[in-house]
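Presented below is the structure to which this report refers.
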Amino acid sequence: MNILYLHGLDGDLAPEKRTILQKYGKVLSPAIDYRTEYNSIELLVEQFKNEKINAVIGSSLGGFVGYYVADAYKISSLLFNPALASRSVSQKIPNFKNPYLSFKQIVLGAQDTVINPRDTFTFLSKNLQEHTNYDIHVRQDLGHQITIQVFKEEVEAFFKKI
């Protein structure tokens, strides 16, 4: 299984999180400069078009990008505090149509002061796609940073469902 991990703004994949993901397959985690790559979604879709990506996992801005990359590839995604409603950097949003029933597990930190979980709910309610199954987990003890324990629990739950 090939897992595409998309980090947040100015971030990367922590070694501990990579180790957790490697239990489930090969981890592809490109370095993305969201500040200069205005069309990062389309670039990633093109970059990995010859790989058989089976799942997309993203956090914050990477969760936003992963939302659309998963639609382009018609695959499942795990999105931590995705910056769906607003972002601090501009990104082009392509119009990918996903006619297949896909799955998005979205994890929101109730204590997140960077990505407002209420705004994410509003975005989702306005943009619900008829061909997507959503599983939304609101973690009351979680802020914007995803702890190793929460990451491990949510990744395990995600891979049990796909």
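Just so you know, all these numbers are worked out from the coordinates, no wet-lab data involved. It should be emphasised that the depicted structure is a prediction, and the values quoted were computed from it without experimental measurement. Here the Cβ positions follow ideal geometry from the backbone for every residue, glycine too, while neighbour counts run over all protein chains shown.
Distance from the Cα centre of region 77-141 to that of region 7-30, in angstrom? After rounding, the separation between the Cα centres reads 20 Å.
Summing +1 for each Lys or Arg and -1 for each Asp or Glu, what net charge is found among the other residues whose Cβ lies under 11 Å from the Cβ of Ser90?
Numbers: positive: Arg35, Arg87, Lys92; negative: Glu37.
Taking every Cβ under 11 Å from that of Ser90, the sum is +2.
Neighbour counts of other Cβ atoms within 10 Å put Leu9, Leu79, Leu21 in the fewest-to-most order Leu9, Leu21, Leu79.
When Lys152, Lys160, Lys92 are arranged by Cβ crowding within 10 Å, least crowded first, meaning fewest neighbours, the order is Lys160, Lys92, Lys152.
Electrostatic tally near Asp112: other residues with Cβ closer than 15 Å to its Cβ, Lys and Arg +1, Asp and Glu -1, net 0.
Can you pull the Rg over Rh of region 32-94, Cα-only, Kirkwood?
0.93
Across the chain, the mean sequence separation of Cα contacts (distance under 8 Å, 6 or more residues apart), normalised by length, yields a relative contact order of 21 percent. Here's the list of aspartates and glutamates a cross-link from Lys17 could span, going by alpha-carbon distance under 18 Å and ignoring same-chain residues fewer than 8 apart: Glu153, Glu154, Glu156. Neighbours of Glu37, meaning other residues whose beta-carbon lies under 14 angstrom from its beta-carbon, give a summed charge of -1 when Lys and Arg score +1 and Asp and Glu score -1.
Which pairs, out of Lys126/Lys160; Lys92/Lys152; Lys49/Lys74, put more than 23 Å between their alpha-carbon atoms? Walk me through the numbers on the way to the answer.
Details: Lys126/Lys160 28 Å; Lys92/Lys152 31 Å; Lys49/Lys74 12 Å.
Cα-Cα > 23 Å for Lys126/Lys160; Lys92/Lys152; rest within.
Only helical runs count toward this figure. For the chain, summing -39,500 (n - 2.57) over DSSP H runs of n ≥ 4 and dividing by all residues gives -10000 deg cm²/dmol at 222 nm. In straight-distance terms, cross-link reach from Lys97 covers every one of the aspartates and glutamates whose alpha-carbon lies under 17 Å from its own, apart from those fewer than eight places away in the same chain; here that gives Glu42, Glu46, Asp71, Glu130.
What number results when the radius of gyration of region 2-161, computed over Cα atoms, is divided by 2.2 N^0.38 Å?
Values: Rg = 14.2 Å, N = 160, 2.2 N^0.38 = 15.1 Å.
Normalised Rg, Cα atoms only: 0.94.
In terms of packing, defined here as the mean over residues of other Cβ atoms within 10 angstrom, the peptides 46-52, 60-66 line up highest first as 60-66, 46-52.
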